[in-house]
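Notes for the one structure printed next.
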Amino acid sequence: MEERSDGLYFGGLSAVELAKRYSTPLYVYEEKTLRERAGQLKKDIAYPKTEIKYACKANTNRTIMRIFREEGISIDAVSPGEIQAALDAGFSPSRILYTVNNATWDEIDYGVSRDIMVNIDSLSQLALFGKRYPGKTVCIRINPNVGAGHHDHCITGGPDSKFGISYREVGAIQRTAAEHDLKIRGIHQHIGSGILEGERFIEAMDVLLSAARSFEGLDFIDFGGGIGVAYHEDEKPIDIGALGRKITDEFTSFCGEYGRELTLAIEPGRYLVAEAGCFLVTVTSVKKGEKHRFVGVNSGFNHLVRPAMYGSYHRIINATNPGGAVIPQTIAGNLCESGDTFTRDEEGIVDRDLPEFREGDIACICTAGAYGYSMASNYNSRPRPAEVLVGERGPELIRRRETLEDLFRTIP
């Protein structure tokens with residue numbers, strides 16, 4: 001994305017031109033950024049046997065997943081749908097880890113039948129899996145009692161988290177696995193999402209490495225994802241280089257103690273796709289209220305739920321009138337909900353000082369490549385938007401806009 005005096009550009013194409021060509025609301029992704037983020041991680045984690053698994057819940061567009069496959073990235077999947085998307089994108093089963101949480105047996109059987117390793121989340125599930133699939137190879141998800149993330153809803157480790165088996169129950173894990181001849185080839189953790197402090201990641205890593213000493217015959221240790229990006233202009237990005245060096249040093253030292261070189265796995269999602277994507281919307285109305293200047297746009301939290309759900313900040317750019325007078329404004333969606341605003345925090349509406357928006361202007365909501373379309377819904381019976389990839393060959397429609405016929409095709 002390039003900001004110029006006359007507007008916003010993606011690979012040389014203006015946001016206004018993309019909006020005219022494909023209509024809005026519209027998700028736009030830049031292929032160059034996707035490949036750069038993948039390359040940066042591979043460069044900064046210098047340990048020779050590193051496997052990067054894309055946590056595809058962040059964005060399951062198959063074109064984006066194929067790009068990561070070409071970059072040598074594997075997949076972390078959490079549902080049969082994500083497994084199917086990965087297989088359709090050309091990933092081999094050996095490059096997919098299936099992390100289950102409160103899954104049905106139909107869902108677990110789906111993964112096993114496709115020769116995909118299952119990452120087990122609870123002792124009870126481990127025992128039932130052993131009865132159903134004795135002798136199978138598995139991975140075990142450990143809760144290291146360390147949690148971190150940008151919001152309580154995104155913290156996936158620690159005493160309040162529903163995920164994983166406590167690191168204190170290693171003995172019970174081993175007894176249950178031995179009873180059913182299950183072969184534990186990997187252990188796994190994931191402490192949260194949107195982490196900008198590398199120290200928290202290392203703290204959890206140390207707990208998992210301590211637990212790993214009790215397991216014989218491991219092939220890999222998976223430290224999960226959660227590496228964040230800077231959404232706010234004032235936020236400091238995580239130092240991936242420093243974190244990569246620390247991860248490499250600690251894991252190399254551990255493998256020396258363990259007696260052989262294991263595979264180090266991590267599962268970034270947001271880090272790989274968030275900054276590659278933007279969400280374009282059109283201003284439909286401007287209303288001067290008692291407290292706020294409401295700038296109405298043709299989308300809402302049905303298409304980008306993060307501000308309404310988490311109070312998340314996304315930078316917003318006036319792509320049509322970047323040089324306009326800067327005034328306080330609230331960007332409001334088109335849903336029948338008072339909470340449907342894009343400029344807000346956890347307490348409610350927060351005006352944003354932005355170049356003046358007028359009817360017909362294009363607003364760009366930045367850093368929307370992760371948990372944008374993948375969390376979109378049809379609330380208010382509105383179709384989901386189209387997605388476009390901008391690469392060396394120009395723009396490419398990678399998911400068409402839904403229609404009303406798509407919405408109601410299966411309803412009698």
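Computed from the coordinates by the stated procedures, all read-outs in this text should not be read as laboratory data. Model, not experiment: these values are computed from the prediction. Every residue, glycine as well, gets a Cβ built from its backbone with ideal geometry; the counts of neighbours run over all protein chains shown.
Values for this structure:
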item	result
Counted charge near Ser210, where neighbours are those whose Cβ lies closer than 14 Å (Asp, Glu -1; Lys, Arg +1)	-3
Partner aspartates and glutamates for Lys131 [C-alpha distance under 12 Å; skip if fewer than 8 residues away on the same chain]	Glu179, Asp181
Share, in percent, of DSSP beta bridges within the chain that are antiparallel, nearest 5	50 percent
Calculated P(r) of the range 1-155 - Cα pairs past 20 Å, %	62 percent
Total formal charge among the other residues, if their Cβ is under 11 angstrom from that of Pro385, Lys/Arg +1 and Asp/Glu -1	+3
Listed residue pairs exceeding 18 Å between alpha carbons, taken from Lys20/Lys287; Lys57/Lys246; Lys43/Lys246; Lys42/Lys183; Lys49/Lys246	Lys20/Lys287; Lys57/Lys246; Lys42/Lys183
Descending principal axes extents, the chain, alpha-carbon based, whole Å	67, 54, 44
Summed side-chain charge close to Glu396 - residues other than Glu396 whose Cβ falls under 11 Å, Lys, Arg +1, Asp, Glu -1	-1
Debye log10 I(q)/I(0) for the range 31-271, one point scatterer per Cα, at q = 0.07, 0.11, 0.18 Å⁻¹	-0.21, -0.53, -1.54
Neighbour-limited loop hits for GluC sites (Glu not before Pro), the range 171-232 (at most 14 other Cβ within 10 Å; DSSP other than H, G, I, E, B)	Glu197, Glu216
Residue among Cys364, Cys255, Cys336 with the largest mean-square fluctuation in a Gaussian network model of the chain, springs linking Cα atoms under 10 Å	Cys336
Label-to-label distance, nm, for residues given as Arg168 and Arg4 (7 Å Cα→Cβ offset)	6.1 nm
Stretch gain in nm, segment Ile327-Asp406, where the contour uses 0.36 nm per residue and the Cα spacing is subtracted	24.5 nm
Additional length obtainable on full extension of the chain from Leu397 to Gln40, 0.36 nm per residue less Cα span	125.9 nm
Reciprocal of mean inverse Cα separation for the range 257-412 (Kirkwood radius, Å)	17.3 Å
